[in-house]
Amino acid sequence: MLDKPAERTAPAPAAARRGTAWLLTAALVLALLVLVPVAGGLGAYPIPVADVLGSVLHRAHLGGTALDQVAESVLWNVRFPRIALALLVGASLGCAGALMQGVFGNPLAEPGVIGVSSGAAVGAVAAIAFGLDFLGMWTVPVLAFGSGLGTVLLVYAMSRSGGRTEVVTLILTGIAVNAFGGALIGLFLFFADTAAVNQITFWQLGSLSQATWPKVLAVLPCALLGLGLAPLYARRLDLLALGERPARHLGVDVERLRLVLVLVIALLTAAAVSVAGIIGFVGLVVPHLLRMMAGPGHRFLVPGSALLGALVLLAADLVARTAAAPAELPLGVLTALIGSPFFFLLLRRTRRRQGGWA
């Protein structure tokens with residue numbers, strides 16, 4: 001009789017976490033549904049939210065009314081491509097950050113650790129510095145995407161020894177490759193002319209100001225593929241959190257899991273960086289926020305990080321283009337300004353809870 005209450009109350013924490021996860025998911029989806037039309041209406045040419053919704057319904061043949069020619073052009077050719085790109089880039093970076101921290105078992109891990117961001121930057125900076133335009137407007141994004149993926153493959157190949165890849169070796173190799181990439185970028189800047197230096201600086205600060213529907217369509221396949229594959233590995237990431245040896249005993253092929261997820265991380269991050277430049281702290285902070293609210297389970301953490309990443313980047317881009325209008329704040333600078341103090345507070349809070357790091 002004494003054991004029965006314990007049996008009833010034991011599942012409560014897990015049930016509470018599941019309930020919290022469902023509530024957070026609903027809240028994030030609702031926040032996105034509210035923020036998208038608001039972002040569509042705000043800007044140098046204001047459009048009432050009701051008119052934005054009416055235009056969307058009209059385009060979907062569900063009623064509504066069309067706007068005047070200027071408002072329609074601003075909404076559908078300028079703002080909606082930018083909103084769509086913000087959602088894709090934010091979701092990709094948030095999801096990549098959750099996967100990165102799960103694969104490496106390190107809360108400080110973020111997508112740039114394995115060299116994908118610096119590799120993409122090297123390709124983009126080289127294209128700008130040397131005036132390459134063999135693919136027209138696509139030259140910089142394509143070279144950034146290709147060099148980002150290539151850098152990750154190089155880091156992984158250099159980290160392998162005896163058919164295995166240790167986490168510490170992978171991180172240290174990524175740090176070395178990041179340093180080498182930074183040196184190459186500095187060298188390209190030295191040889192670039194003033195106009196190219198200005199363009200490179202703008203690209204490195206991160207921005208969605210050049211968003212177009214073709215760029216959205218270019219990122220869409222990579223984002224959908226990565227975001228679709230990531231949740232399939234959530235259970236194995238939960239097992240990996242127990243440690244490599246216990247995960248192997250429970251049937252997880254750790255080496256294969258690490259390789260597949262590193263490629264997924266590289267795909268998501270390279271696609272995001274290639275069109276938006278370097279945007280920091282989204283992949284680092286977003287998963288931490290969700291862990292604080294719903295626990296470390298990856299079944300919610302991975303898709304939830306995609307939703308929250310999309311919401312955070314859309315909100316940050318809205319602030320970037322309206323806070324100092326008619327000028328526009330660099331998006332990467334804004335996310336770093338907000339993300340770094342928050343992350344410092346998060347570290348202090350975690351340290352207090354654990355009573356130190358030792």
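The values are calculated or read from the model by the stated rules, or taken from the named source; none is laboratory data. Note that the structure is a prediction, hence the values are computed from the model and not measured. When we count neighbours, we look across all protein chains shown, and the Cβ atoms used for this are built from the backbone with ideal geometry, even at glycine.
Things to note:
- Count of residues meeting criterion [among the polar types (S, T, N, Q), within 27 Å of the chain's Cα centre (by Cα) and modelled with pLDDT under 85] in region 6-52: 1
- Extreme residue, surrounded by the most Cβ atoms within 10 Å (Cβ to Cβ), among residues of region 213-227 that are farther than 13 Å from Val260 by Cβ and not hydrophobic (A, V, I, L, M, F, W, C): Lys215
- The set of residues in region 282-293 being surrounded by fewer than 22 Cβ atoms within 10 Å (Cβ to Cβ) and hydrophobic (A, V, I, L, M, F, W, C) consists of Leu289, Met292, Met293.
- Residue that is surrounded by 17 or more Cβ atoms within 10 Å (Cβ to Cβ) and without any contact (Cβ under 8 Å) to a residue 40 or more places away in the chain, where the choices are Val52, Val36, Val113: Val52
- Of the listed requirements (1) aliphatic (A, V, I, L, M); (2) outside any helix (DSSP H, G or I); (3) closer than 18 Å to Ser92 by Cα; (4) without any contact (Cβ under 8 Å) to a residue 60 or more places away in the chain, Val252 misses just one: (3).
- Flag for Arg79 being charged (D, E, K, R), under 26 Å from Ala223 (Cα atoms) and without any contact (Cβ under 8 Å) to a residue 40 or more places away in the chain: no
- Any hit, region 301-317, residues being closer than 26 Å to Leu33 by Cβ and modelled with pLDDT under 90: no
- Applying the criterion of at least 2 residues that are of a type in the set (Lys, Arg) and at pLDDT 90 or above to the helices (runs of 4 or more DSSP H) found wholly in region 153-245 leaves 234-240.
- Listed by first and then second residue, the pairs linking a residue in region 325-346 that is on the phi < 0 side of the Ramachandran plot and at pLDDT 85 or above to a residue that is aromatic (Phe, Trp, Tyr) and surrounded by 11 or more Cβ atoms within 10 Å (Cβ to Cβ), with Cβ atoms under 7 Å apart and 6 or more places separating them unless they lie on different chains, are Thr335/Phe281; Ala336/Phe281.
- All positions within region 82-115 that are under 21 Å from Tyr233 (Cβ atoms), assigned to a helix (DSSP H, G or I) and among the hydrophobic types (A, V, I, L, M, F, W, C): Leu88, Ala91, Leu93, Cys95, Ala96, Ala98, Leu99, Met100, Val103, Phe104, Val113, Ile114
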